[in-house]
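Read the structure below first, then the notes.
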Amino acid sequence: MKTYSQKSSEIAREWWTIDASSMPLGKLAVVIADKLLGKSKVTFTPHTDNGDYVVVTNAKKIVVTGNKMTDKHYYRHSGYIGGLKDFTLEEVIEKNPAKVIELAVAGMLPKNKLQADRLARLRVFDGAEHSHTAQTPKEIK
């Protein structure tokens, strides 16, 4: 019996949709990362990018447990001395709720050359409406 290795011509991508208000941020990011990686497929091959497209809705209504809204911090540095900027989760959700989900999913994907392509298949929307109805995405429960 030989080991199966998927070729790029054999990749069949599907579209999935998930509601961000249905589960906590960490569990949501795990489900999204699994679909972007293609781990749930029988044809999973680690060195090829065979994941699916994921559409996330209701990013503004994201759920977190505990005191993470005030205690969780995001950092950004300009590269200059004293250029560290600090934002709480609440501030980031207020300014750009999609960024929170993108950062959580990026942290769960492998850090390699395929990460940017996988993240490009993630589409996050603030409200319940999205522009990918023509692709007829299946809903993740």
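The values are calculated or read from the model by the stated rules, or taken from the named source; none is laboratory data. Since the structure is predicted, the reported quantities are computational estimates derived from the model, not experimental observations. Here the Cβ positions follow ideal geometry from the backbone for every residue, glycine too, while neighbour counts run over all protein chains shown.
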With the first residue restricted to region 97-126 and required to be within 14 Å of Leu37 (Cβ to Cβ) and in contact (Cβ under 8 Å) with a residue 60 or more places away in the chain, and the second required to be of a type in the set (Asp, Glu) and assigned to a helix (DSSP H, G or I), Cβ contacts under 7 Å at 6 or more apart or on different chains are Leu119/Glu102; Leu122/Glu102
From the list Val55, Val64, which residue is within 23 Å of Glu129 (Cβ to Cβ) and surrounded by 13 or more Cβ atoms within 10 Å (Cβ to Cβ)? Val55
Can you confirm whether region 118-133 contains a residue that is in a helix (DSSP H, G or I), among the hydroxyl-bearing types (Ser, Thr, Tyr) and out of contact with any helix residue (DSSP H, G or I) (no Cβ under 8 Å at 6 or more places or on another chain)? yes
Region 33-62 residues that are hydroxyl-bearing (Ser, Thr, Tyr) and assigned to a loop (DSSP other than H, G, I, E, B), paired with ones that are surrounded by 15 or more Cβ atoms within 10 Å (Cβ to Cβ) and at pLDDT 95 or above (beta carbon under 8 Å, 6 or more apart): Ser40/Asp34
Restricting to region 63-77, count the residues that are free of Cβ contacts under 8 Å to residues at least 12 places away in the same chain and either in a loop (DSSP other than H, G, I, E, B) or within 30 Å of Lys138 (Cβ to Cβ) (or both). 2
Conditions (1) among the hydroxyl-bearing types (Ser, Thr, Tyr); (2) in contact (Cβ under 8 Å) with a residue 12 or more places away in the chain; (3) within 18 Å of Trp15 (Cα to Cα); number of the one not met by Thr88: (3)
Within the bounds of region 3-13, is there any residue that is among the basic types (Lys, Arg), in a helix (DSSP H, G or I) and either more than 19 Å from Leu103 (Cα to Cα) or touching a residue at least 12 places away in the same chain (Cβ under 8 Å) (or both)? no
Mind counting the residues in region 1-20 that are surrounded by fewer than 16 Cβ atoms within 10 Å (Cβ to Cβ) and not aliphatic (A, V, I, L, M)? 10
Report the residue count in region 23-32 for those that are free of Cβ contacts under 8 Å to residues at least 60 places away in the same chain and either in a helix (DSSP H, G or I) or touching a Lys or Arg at 6+ places or on another chain (Cβ under 8 Å) (or both). 1
Among (1) closer than 21 Å to Ile18 by Cβ; (2) in a loop (DSSP other than H, G, I, E, B), Tyr80 falls short only on (1)
Return yes when Glu102 is of a type in the set (Asp, Glu), out of contact with any Ser or Thr (no Cβ under 7 Å at 6 or more places or on another chain), on the phi < 0 side of the Ramachandran plot and not in a strand (DSSP E or B) and no when it is not. yes
